[in-house]
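Reviewing the structure listed below.
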Amino acid sequence: MSMPDSSYPSPAPTVRFDVINQAWAMLQQQMGNWAVLMVVAIVIVGVLNWLLGKLGTVGSFVGGIPSAIVAAGLYRAALKHMRGETIAVADMFGVSDVIGPLIVASILTTIGVAIGFIFCILPGVALASLWMFTELLIVDKGMDGIEAMRQSFNALRREWLMATVFNIVLALIGIAGIIACGVGLLITAPIAILSVTILYRDFFPESSVGF
């Protein structure tokens, strides 16, 4: 479903790093629920990636799809959390209505980022950062994959450098969680999900309909 460009708030929103502190504060409200969601997400992605790994080249090409679908479910849970509602594992499985757009977006962003990585890595990181709202636009607005990629890119293109730095910071936080015997991911991964979701609401503040 194609949608017109959103009109962003005035003054224009910017990438801000204090959303990480806000995400931490939100996480503490439902830390147990987020921990359960993350355990389920990690198991699902791990099993599906293991199965896809047996498909060789084809598996490598579509290997990002399970992660994208699970991330979309986590983003939908994050949007629910932002509305002040209690989240549950079932929220993560509520993306069946947008599976098609998620698959399209996953394949296209994987190709785009892979091409970007060929050119000294940074372009790939920048593209991934410019497309970081893609899954959120799909689950929140019901956009098709290509339109969601376009809207995310357009929203962040003037902030591409700060968006890139923002994603690098989130990646470093995630690495810290992995170093902590992997258990830290139960905290750092939800912080990343909530941080991106809070930032997304800065750029797309209007309430979604039907979710």
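Bear in mind these aren't lab numbers, they're just calculated from the coordinates by the rules spelled out. On a predicted model such as this, the values are computed, not experimentally measured, just so you know. When we count neighbours, we look across all protein chains shown, and the Cβ atoms used for this are built from the backbone with ideal geometry, even at glycine.
Of Pro66, Pro11, Pro190, which is the most mobile in a GNM of the chain whose springs link Cα atoms less than 10 angstrom apart?
Of Pro66, Pro11, Pro190, the most mobile in the Gaussian network model is Pro11.
Tell me the Rg and the Dmax, in Å, that the Cα atoms of the stretch 118-211 produce.
Rg then Dmax for the stretch 118-211, in Å: 14.3, 42.
Can you compute the equivalent ellipsoid semi-axes for the stretch 78-150, i.e. the square root of 5 times each eigenvalue of the Cα gyration tensor, sorted largest first and rounded to whole Å?
Each semi-axis is the square root of five times an eigenvalue, giving 27, 14, 10 Å.
Under a GNM of the chain (C-alpha, springs under 10 Å), which listed residue has the highest mean-square fluctuation: Ser67, Ser152, Ser96?
Maximum among the listed residues: Ser96.
Which ³J(HN,Hα) values, rounded to whole Hz and listed in residue order, are derived for the stretch 160-171 from phi using the Karplus coefficients 6.51, -1.76 and 1.60 in 6.51 cos²θ - 1.76 cosθ + 1.60 with θ = phi - 60°, glycine and proline given as x?
Values, residue by residue: 4, 5, 5, 5, 5, 4, 4, 5, 5, 4, 4, 5 Hz.
What list of ³J(HN,Hα) couplings, whole Hz, do you get for the stretch 149-156 from phi and the Karplus terms 6.51, -1.76, 1.60, once you set θ to phi - 60° and write x for glycine and proline?
Running phi through 6.51 cos²θ - 1.76 cosθ + 1.60 with θ = phi - 60° gives 4, 5, 5, 4, 4, 5, 5, 10 Hz.
For the chain, set up a GNM with springs between Cα atoms under 10 Å and report which of Trp34, Trp24, Trp131 has the largest fluctuation.
Trp24
For the chain, just the Cα atoms, rotate onto the principal axes and tell me the three extents in Å, largest first.
Computed over the chain, the largest-to-smallest principal extents equal 49, 40, 33 Å.
How big is the dipole moment of the stretch 20-203 about its Cα centre under a simple scheme where the beta carbon of each Lys and Arg is +1, that of each Asp and Glu is -1, and everything else is neutral? Debye, nearest 20, please.
That gives the stretch 20-203 a dipole magnitude of about 140 debye.
Using helices alone, I'd like the mean residue ellipticity at 222 nm for the chain: each DSSP H run of four-plus residues gives -39500 (n - 2.57), total over residue count, nearest 500.
-23000 deg cm²/dmol
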